[in-house]
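FYI, it's all coordinate maths here, none of it is from the lab. These numbers come from a predicted model, not from an experiment. Don't worry about glycine lacking a Cβ; one is built from the backbone with ideal geometry, like all the others, and counts go over all protein chains shown.
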Amino acid sequence: MAGGCVRLKSAIPIPMACAREGEHLTVNLPDKARNSRVLVLGGTGRVGGSTAIALSKLCPDLRLVVAGRNREKGAAMVATLGGNSEFSEVDINNVNSLEAVLSDVDLVVHAAGPFQQAEKCSVLEAAINTKTAYLDVCDDTNYASRAKSLSDRAVDANIPAITTGGIYPGVSNVMAAELVRAVRSESKGEPERLRFYYYTAGTGGAGPTILATSFLLLGEEVVAYNKGEKIKLKPYSGMLNIDFGRGIGKRDVYLLNLPEVRSAHEVLGIPTESLRDRSKVQQLVQLFDPVVRAVDGIAGERVSMRVDLECSNGRNIVGIFSHKRLSVSVGTATAAFALAVLEGSTQPGVWFPEEPEGIATEAREVLLKRAAQGAFNFVMNKPAWMVETDPKELGLGIYV
């Protein structure tokens, strides 16, 4: 029945070590959540398919419903996932069809983008109506804000919902929240500014939906926060050369309008901005999808995120997450959020990942470890010189 997932006040702490490349962890969910039915909308696409595969590996007992519009692709995905999965043909624009399939699942993972320019949050509204837990991989500021406006309705329905819960935004938000928490708990200066930096080689194995998302973001003004004041900037301006550490090195990044900038500022109370590798979007604008596939075969699809926190006492700390394949890591990251919801980490309402009601503070470490499976570089709460590729030694063991 819908709404049958476990909803504890906080997630169960599960000590884990990050799996190395080529390995994967198996998660033991609480008994009442172990056999949950999880619907993955967009499950035949690149993000949804990657999420379904990650969930099947992390928790083989889960019953997965792969939803999409293409039965042939759905059958192929079910064959990949094995006997604990099934395909359901769903049109997210058909309310009756959507609510019918949601009425028989415990959690819906909405990966059927693009979210840009969507007029309403149809899937979230259907989840509220059927009392089904919800997670999306939204990467649009306006959509995320619209989803948050439904929080009171989600509370009344007693369902937990997370918006912007993927890799970026998503894992990047939780990384930022953990950096801020660490600084405040140590009472070593006050957090003053957060910056999110992203790099992807080639297109990161992008599918048509991700291509469309990138096209749409080209026309959006960038919202950032300077000393608490909201400012608007041109997209793909403000170039900086950022060191993403081992395996990635220094890359040029440019401003892009992403929802974690606004949500982190509002939730954590710190001025923020987001910069992303420009070459990716330039390629997307110039190339058609089949040619993009060929480019990825040459360039690869490495992905890296760097979150910088500057403090009032001059202390600066960073977190870095780097993986060889975005198409794999985005599914692992989204699956980590799905498991957190099933474990009861999320309270009723609609939440951003960095809000403690979305991912409980004590559950963040587990989520990050799960999301970082297969990453070749994952570090948190370190000074920049310890993680960059070419630190300069001043002498006496002092680096800048």
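Residues whose amide H comes within less than 5 Å of that of R276, counting only those at least five positions distant or on another chain, are Y198, Y254, L255, L256 (H built at 1.01 Å from N in the peptide plane). The residue among G48, N84, A100 whose Cα reaches farthest toward the positive pole of the charge dipole of segment 46-124, with charges on the beta-carbon of Lys, Arg, Asp and Glu, is G48. Footprinting exposure proxy ranking of R146, R69, fewest other C-beta atoms within 10 angstrom first, gives R69, R146. Per-residue HN-Hα couplings for segment 186-192, Karplus 6.51 cos²θ - 1.76 cosθ + 1.60 at θ = phi - 60°, whole Hz, x for Gly and Pro? So the Karplus estimates, Gly and Pro as x, are 8, 6, 10, x, 9, x, 10 Hz.
Amide H to amide H, with H built 1.01 Å from N, G245 comes under 5 Å of T389, counting only residues 5 or more places away or on other chains. The spread of Cα positions in segment 39-152, taken along each principal axis and listed from longest to shortest, comes to 38, 26, 24 Å.
Put in line by how crowded their Cβ is, counting other Cβ atoms within 10 Å and starting with the fewest, T44, T346 read T44, T346. The aspartates and glutamates whose alpha-carbon is closer than 14 Å to the alpha-carbon of K250, local same-chain residues fewer than 8 away aside, are D277, E388, D390. The phi-based Karplus calculation (6.51 cos²θ - 1.76 cosθ + 1.60; θ = phi - 60°) puts the 3J(HN,Hα) values of segment 121-135 at 9, 4, 5, 5, 4, 5, 5, 5, 5, 9, 6, 10, 4, 9, 8 Hz, whole numbers, x for Gly and Pro. Among T200, T51, the ranking by other beta carbons within 10 Å of each residue's beta carbon, starting with the fewest, stands as T200, T51.
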